[in-house]
1. What's the center-to-center distance, using Cα atoms, between region 27-90 and region 118-137 in Å?
2. Write down the percent of antiparallel bridges among all DSSP beta bridges whose residues are both part of region 201-350, to the nearest 5.
3. Among 92, 115, rank each residue by its count of other Cβ atoms within 10 Å, from fewest to most, as a rough exposure measure.
4. Can you give me the C-alpha center-to-center distance between region 224-247 and region 279-293, rounded to a whole angstrom?
5. Hey, what does the equivalent ellipsoid look like for region 201-350, semi-axes from the Cα gyration tensor as sqrt of 5 times each eigenvalue, largest first, whole Å?
6. Write down the percent of antiparallel bridges among all DSSP beta bridges whose residues are both part of the chain, to the nearest 5.
7. Going by the alpha-carbon gyration tensor, a ≥ b ≥ c the square roots of its eigenvalues, is region 300-383 rounded (a/c under 1.5) or, if a/c is not under 1.5, prolate (a/b greater than b/c) versus oblate?
8. Figure the gain on full extension for residue 323 and residue 242 (residue separation times 0.36 nm, minus the Cα-Cα span) and round it to one decimal in nm.
């Protein structure tokens, strides 16, 4: 007696063979606001491709999920669980452990708690059959370690973080950050995966447009960023000033700044100044620089900082400097790489969802990535 083949299994096999990989985005509770915007733009870009080239493209549906609130065992071990299947999908997982989102039922979770949760989620994505796993983490934790060689018996922290991330993204797909503190060090640490660091030239241009000033002088926060500021100034045909910051590490306390002196080398009297830095954390350096610039009697001072961390009463310090400046110190422009809540009126947020959406589609469609592509292709343009 011969057995007949199982028709249901055969049908499922044929159906499986016809499956194409599709796009799935996953947001943590921290990143929901950003990812909502990214998903709509990614879907619109894919729809436009079908509308304009129907013979080449087929209509695709972007799937999307937001993970439940952060939860812990009584031992405070983090729990992570996917809500939807990721099998055979190209997944882009968003992480932002820096944000001040907190569950209502729990005391404040630390950055390390949330980052562990996100690493566990990344592991679950790979474990449960994702075709490709990508991680988008605009502000990478531990990225301020400048040297891979440990000093004073310190660990190579960034290397450890990079190894954990690379284990689940592998060499085929991407880890995406934005305006990382030390790109050379991070690229070396993430050498086992494809790494893309988004540029912020478009961000500076947007800040300049919002300032609406005739002649703007660019300034870095210290000599560390002078090369970058000079390159942007050259590209945009602007003037830039040189800032020299000196430190005294013998006076270092646990949380106070080691900055001893700041020198500004340029005549800025009655000029509009835009200071650019990659992050604004405790605010010590920025406040000291603004006070030094105020002595030179500029017309206005504004700040463009990619990652607005605002820790250790930074907002109070900045508000005090603003009040003392007689309104010469105007606005601080930040991106929503970290979505802080309850920000004062003098801080203005600029959205990064367009540049992220553009590069997600580029990666998904096997195109070249563009680290400065912030063009909104979904808007109608005049011929």
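Read-outs throughout are calculated quantities, based only on the coordinates presented, and are distinct from any laboratory measurement. These figures come from a predicted structure and were not determined experimentally. Glycine gets a Cβ as well: all are built from the backbone with ideal geometry, and neighbour counts include every protein chain shown.
1. After rounding, the separation between the Cα centres reads 12 Å.
2. Values: 6 of 30 bridges.
About 20 percent, rounded to the nearest 5.
3. Details: 92 30, 115 21.
Least to most surrounded, the residues fall as 115, 92.
4. 16
5. Values: eigenvalues 92, 71, 47 Å².
Sorted largest first and rounded, they come to 21, 19, 15 Å.
6. Working: 8 of 52 bridges.
In the chain, DSSP labels about 15 percent of beta bridges as antiparallel.
7. Working: a/c = 3.46, a/b = 2.17, b/c = 1.59.
The shape class here is prolate.
8. Working: separation 81, 0.36 × 81 = 29.16 nm, distance 2.58 nm.
Length difference between fully extended and current span is 26.6 nm.
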